[in-house]
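For reference, the structure discussed in these notes is given below.
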Amino acid sequence: MLGHLLHLAGIDSFIIENRSEDYVIERVRAGILEQSTVDLMIENGVGERLRREGMPHDGIYINVFGKRHRIDFAELVGRRITVYGQNEVVRDLIEARTVTRRPLYFEAEHVAVDDLDSSQPLIRFRHEGTDHELRCDFIAGCDGFHGVCRPSVPAGALTVYEREYPFGWLGILADAAPSSEELVYTLHERGFALFSMRSPKVTRLYLQVPPSESIENWSDQAIWDELLRRMTTRDGWTPNIGRITQKSVTPMRSFVAAPMRYGNLFLAGDAAHIVPPTGAKGLNLAASDVVVLARALKAFYERGSSDWLNEYSDTCLRRVWKAQRFSWWMTSTLHRSPDETAFDHQRQIADLDYLTSSPAAMTSLAEQYVGLPMEVSFESVGLKECRRA
Ligand SMILES: Cc1cc2nc3c(=O)[nH]c(=O)nc-3n(C[C@H](O)[C@H](O)[C@H](O)COP(=O)(O)OP(=O)(O)OC[C@H]3O[C@@H](n4cnc5c(N)ncnc54)[C@H](O)[C@@H]3O)c2cc1C
């Protein structure tokens, strides 16, 4: 997305990816786009397929011990979310990049960054058997949580804030038509479960499991038994069953590294912060970071001003921490913790009772779930005008 925004602003960039094109297009991860992420794609000319194939949702259900409650985003805050796989977003962006003929390297090996605090930081990598050294004005560290950029910052320059949760998510994709048009978040005595979808024929479902759980311990039958046990509501709603085509376990953590800059390296997305997926914020935060960065780089090249580059980290972190707080709250309210006390559990029940009965509480969830406003609007970046030009 950053490469695309920079292209629209007439700024050269190289994109260096260590995986293959097929791998990143097939990699199933997030699937919920906030309205501002949808607007960002559409306004910048990469949202045609999203507009056609994305599934807009006006609300979600919360299933508390078998009783389903609906939270109506459209009515409460006049905004909505769209279900569209992250891999589809990646596919659309690769296609847009390919059309521009700007550099995009897949399967880059031995990627390393250096001289980060100089005016010409360095990227080294090997591609198709040839070693490359790239001197550039700036490096955008958009290489995810396990990438090389954040670990290349000297020890002590970043402060890390971290929380690990005593559970993970077992996620499956199933060839089954979604039995609900909207997501269903469930709290059951045996733990959390989530019903979501990827297309009119594919259901995506999750179960709370211990963080170190091995997927080998779960037969397909055992997964369906547990999903049905937790999700089936008193009025008889239940997910459709189908062939499981993919299954995995992901541990959950909250993580922020600050500041999101060292010298001329700017960290964005999961390279700088991780949220537990309950609030569906990871992809959306990555998108809002790069809007802030694109605006700052555009101001640097057009006006010679570094002011927005200098403010980049603080601007992003304001939104990041609000999303962290929301994701932590959604997670702790909807999961059963192995070390919870009876007091904790009663407080959790009261929290959900309040949420599902108070219009004020529902509005607060709706406002955050559809996404707080981006810290800078992409219209203000002037990127729209660039695209038209
Ligand atoms: C299994 C899983 C499930 C998820 N589910 C959800 C969900 O349901 N909802 C949600 O909102 N979020 C979810 N997320 C989080 C969401 O996918 C991320 O927040 C989002 O991908 C962040 O985007 P990013 O561009 O910062 O990082 P990434 O999407 O991780 O992109 C970083 C890229 O850098 C590449 N890379 C890594 N190291 C190097 C290197 N050394 N050199 C070159 N390239 C490198 C990677 O291959 C990758 O393509 C999930 C994440 C995972 C891992």
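The values are calculated or read from the model by the stated rules, or taken from the named source; none is laboratory data. It should be emphasised that the depicted structure is a prediction, and the values quoted were computed from it without experimental measurement. Note: ideal-geometry Cβ built from the backbone for every residue, glycine included; neighbour counts use all protein chains shown. These area figures cover heavy atoms from the full protein model, side chains too; ligands, DNA and RNA do not enter into them. Shrake-Rupley method; radii C 1.70, N 1.55, O 1.52, S 1.80 Å.
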Inter-residue pairs, beta-carbon under 7 Å, first more than 18 Å from TRP169 (Cβ to Cβ) and in the range 326-350, second crowded, with 16+ Cβ neighbours inside 10 Å and of a type in the set (Phe, Trp, Tyr), 6+ apart: none
Given (1) open to solvent by less than 20 Å² (accessible area, probe 1.4 Å); (2) closer than 20 Å to ARG70 by Cα, index of the condition VAL209 fails: (2)
Meets criteria (within 16 Å of the ligand (Cβ to nearest atom), closer than 30 Å to CYS136 by Cα, open to solvent by 10 Å² or more (accessible area, probe 1.4 Å) and at pLDDT 95 or above) for ILE274: yes
From GLN221, GLN246, GLN208, residue being farther than 23 Å from LEU33 by Cα and of a type outside the set (Ser, Thr, Tyr): GLN221
Some residue of the range 280-290 being buried (at least 23 other Cβ atoms within 10 Å of the Cβ), at positive phi and under 17 Å from the mean Cα position of the chain (by Cα): yes
Hits in the range 246-271 - residues which are part of a loop (DSSP other than H, G, I, E, B) and within 11 Å of the ligand (Cβ to nearest atom): ALA268
Residues being under 23 Å from GLY47 (Cβ atoms), within 10 Å of the ligand (Cβ to nearest atom) and either without any contact (Cβ under 8 Å) to a residue 12 or more places away in the chain or touching a helix residue (DSSP H, G or I) at 6+ places or on another chain (Cβ under 6 Å) (or both) - total across the range 1-27: 5
Strands (runs of 3 or more DSSP E) enclosed by the range 87-162 - at least 3 residues per element that are surrounded by fewer than 18 Cβ atoms within 10 Å (Cβ to Cβ): 109-114, 122-127, 130-135
The range 28-57, residues that are part of a helix (DSSP H, G or I) and either more than 15 Å from the ligand (Cβ to nearest atom) or of a type in the set (D, E, K, R) (or both): ASP39, ILE42, GLU43, GLU48, ARG49, LEU50, ARG51, ARG52, GLU53
